[in-house]
Amino acid sequence: MAGSEVAGGPAPACVLGIDLGTTSVKAALLVRGKQGQVVAGSCSRETQAHTSSLEAGPQGMEQNVQKIIKALNECLAALPQQQLQRVSHIGISGQMHGIVFWKKDKGCKWTECDTGSTFEPEEVSHLITWQDGRCSPTFLSSLPLPQSHISLATGFGCATVYWYLKKSPDFLKSYDAAGTIHDYVVAMLCDLKKPLMSVQNAASWGYFNCRSRSWNTDILKKSGFPVHLLPEVGDPGSIAGKTICAWHGIPKGTKVGIALGDFQCSVYFCLTERTDAVLNISTSAQLTVSMPLGFQPPETPDPSSAVTYFPYFDGDYLAVAASLNGGNVLATFVDMVARWTEELGLQVEKSAIYTKIIEAALAHNNSKLSIHPTIFGETHVPGQLASVTNIAVSDLTLGHVTRALCHGIVENLCSMLPVQHLMEMGVRRILGSGSALARNEVLRQEVARSFPFPVVYGKDVDAAVGAAMVMFHRK
């Protein structure tokens, strides 16, 4: 497809987009075609990076950075070398809120490989992810009140730093830099002496004022927070630096964009009209709509509100119902079924279970079961648990339960940002994206039933392509 677009002329420059997600790394190459940008190649690799937390125990949710970078290297090695050699810009997005620590002068080690130079993490901590649960509501209430429009929650970078400061202060003494996982990659590629973070990622850490575009340094300093760990902040879409090596054959000196939020990039990939709403269901789930031009978020958040205002691009904001319960709920259900079968002396692959439960659910158009699937709580109701009601003998099959579970995931999002509110904001279409929606026909059916608008679906490389598109439009 890409070849036919550019036949007969000089090979065009490519833009590389990378997304460092919660469960996988994705990469996409974009070139300019007759109809706009064309995906000339893409790749995805599972990270399998989850690891135990020594300090936080079962409440901790951490990932091995070495495994994430290994998946990234495998992803890039699988892309066509000729196209990588023509890359002029790199856009990088990733999972927001989380934090990784490193030593500035020993963040990574560059080595030669078959496809050029590559780097491996050196003195780097685990990534403490957005799913981390070590900061209890009691702990969070003991922290200084942020000057931000976003309520502080467990899994937010600054909350995690506070946890280490109070529970394991020696840990922080080992490092002098911090950022999201995608900030780390940008810093290594460009050899940044001080990490650079976009407004999107800074807002996701907490203690950041989007109106003044600055950290709450006075508040943080008074409580002994190590403010030297806070990155500098820049505009989404700006250039962070240039590659210091020929990374996997990508030319040395290639421009690298400031790291972006994966959610914003997924939205950027598919949002074309202000009358569109975007529904993204990957590990977590989000329903979002553009706010009017010139909108400014309130000075302080409403802790009980399910809607948050995320910084987007060019000073715009998105109204977001961000649920902690999406594809991870289905993954937990599959894990439960796998454990049950194992306890019965049987062995079934999780991938086979996922396929079977979807097939079973497709055989049932509805289920009397009512599942409220909030096993991970919600940011605005952190203590919320899941529940199952309307249990009838006729609806106890795997198909009925899976159907009810998929319905519950969509219904939970609709309760956070009701359809009536979308209609009042002028929404005329739903754009669906994310890996869970892409691979689950039952979820797509439940979406179609829940919204009185046409639904259009995207592909599973949304954030990676979105990150590349941001750089394409700004180069």
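Each peptide among 243-251, 322-330 gets the average number of other Cβ atoms lying within 10 Å of its residues, and from highest to lowest they stand as 322-330, 243-251. Between L145 and T332, the modelled label-to-label distance comes to 3.2 nm, taking each label 7 Å out from Cα in the direction of the beta carbon. Express in whole angstrom the spacing between the alpha-carbon centres of region 259-292 and region 326-393. Comparing the Cα centres of region 259-292 and region 326-393, I get a distance of 26 Å.
Of the Cα atoms belonging to region 76-144, the radius of gyration and Dmax stand at 18.0, 55 Å. The relative contact order of region 189-318 comes to 23 percent, based on Cα pairs under 8 Å that sit 6 or more residues apart.
The packing ranking of peptides 177-183, 392-398, highest mean first, is 177-183, 392-398, where packing means the average number of other beta carbon atoms within 10 angstrom of each residue.
A Cβ-based charge dipole, computed about the Cα centre of region 279-361 with Lys and Arg at +1 and Asp and Glu at -1, lands at about 200 debye. Largest first, the residues F171, F313 sort by 1.4 Å accessible area into F171, F313. Farthest toward the positive end of the dipole of the chain, out of Y312, G224, A56, is the Cα of Y312, where the dipole comes from beta carbon charges about the Cα centre. Using C-alpha pairs under 8 Å with a sequence gap of at least 6, the mean separation divided by the residue count of region 38-100 gives a relative contact order of 32 percent.
Of the residues G157, S88, S141, the one whose Cα sits farthest towards the positive end of the charge dipole of region 87-193 is S141 (charges of +1 on Lys and Arg Cβ, -1 on Asp and Glu Cβ, taken about the Cα centre). Using 0.36 nm per residue and subtracting the Cα-Cα separation, the extra length available between Q59 and A13 on full extension is 12.0 nm. Extension gain, Q48-T272: 0.36 nm per intervening residue step, less the Cα-Cα distance, totals 77.3 nm.
Farthest towards the positive end of the charge dipole of region 255-385, among the residues P373, W340, V329, is the Cα of W340, using unit charges on the Cβ of Lys, Arg, Asp and Glu.
What are the trypsin sites (Lys or Arg not before Pro) within region 310-391 that DSSP puts in a loop, where the Cβ has at most 13 other Cβ atoms within 10 Å?
Values: sites: R339, K350, K356, K368; in loops: K368.
Of the trypsin sites (Lys or Arg not before Pro), the ones in loops of region 310-391 whose Cβ has at most 13 other Cβ atoms within 10 Å are K368.
Overall, the chain carries a charge dipole of about 760 debye about its Cα centre when +1 sits on the Cβ of Lys and Arg and -1 on the Cβ of Asp and Glu, all other atoms neutral. For the chain, the percent of C-alpha pairs falling in each 20 Å distance bin, counted from 0 to the bin holding the largest distance, reads 24, 57, 18, 0. Residue separation of S136 and I391 scaled by 0.36 nm, minus their Cα-Cα distance, works out to 88.6 nm of gained length. When the solvent-accessible area of the chain is split by element, carbon and sulfur atoms take up 53 percent of it, the probe being 1.4 Å. Place a label point 7 angstrom from the Cα of K166 along the Cα-to-Cβ direction, then list the residues of region 139-158 whose backbone nitrogen is under 12 Å away. Only 139-145, 154 pass the distance filter.
Sorted by accessible area (1.4 Å probe), largest first, how do M61, M188 line up?
Heavy-atom accessible area, descending, gives M61, M188.
If you plug the beta carbon distance of K109 and S212 into 1/(1 + (r/R0)^6) with R0 = 41 Å, you get a FRET efficiency near 0.60.
Give a quick list of chymotrypsin sites (Phe, Trp or Tyr not before Pro) in region 75-128 that DSSP marks as loop, anything other than H, G, I, E or B, with at most 14 other Cβ atoms within 10 Å.
Details: sites: F101, W102, W110, F119; in loops: none.
Loop-located and lightly packed - none at all.
Remark: region 224-298 projects, on average over all directions, an area of 9.0 nm² (convex hull of Cα atoms).
Let's test the formula: R0 of 35 Å, r as the Cβ-Cβ distance of A352 and Q66. What FRET efficiency results, to the nearest 0.05? If you can, show how the numbers build up before the last one.
Numbers: r = 29 Å, r/R0 = 0.84.
Step by step, r from the Cβ atoms, then E = 0.75.
The values are calculated or read from the model by the stated rules, or taken from the named source; none is laboratory data. Being a predicted model, the structure only gives us computed values, none of them experimental. Neighbour counts are summed over all protein chains in view; Cβ atoms, including those assigned to glycine, are modelled from backbone coordinates with ideal geometry. The accessibility values were calculated without ligands, DNA or RNA, using every heavy atom of the protein model including side chains. Shrake-Rupley method; radii C 1.70, N 1.55, O 1.52, S 1.80 Å.
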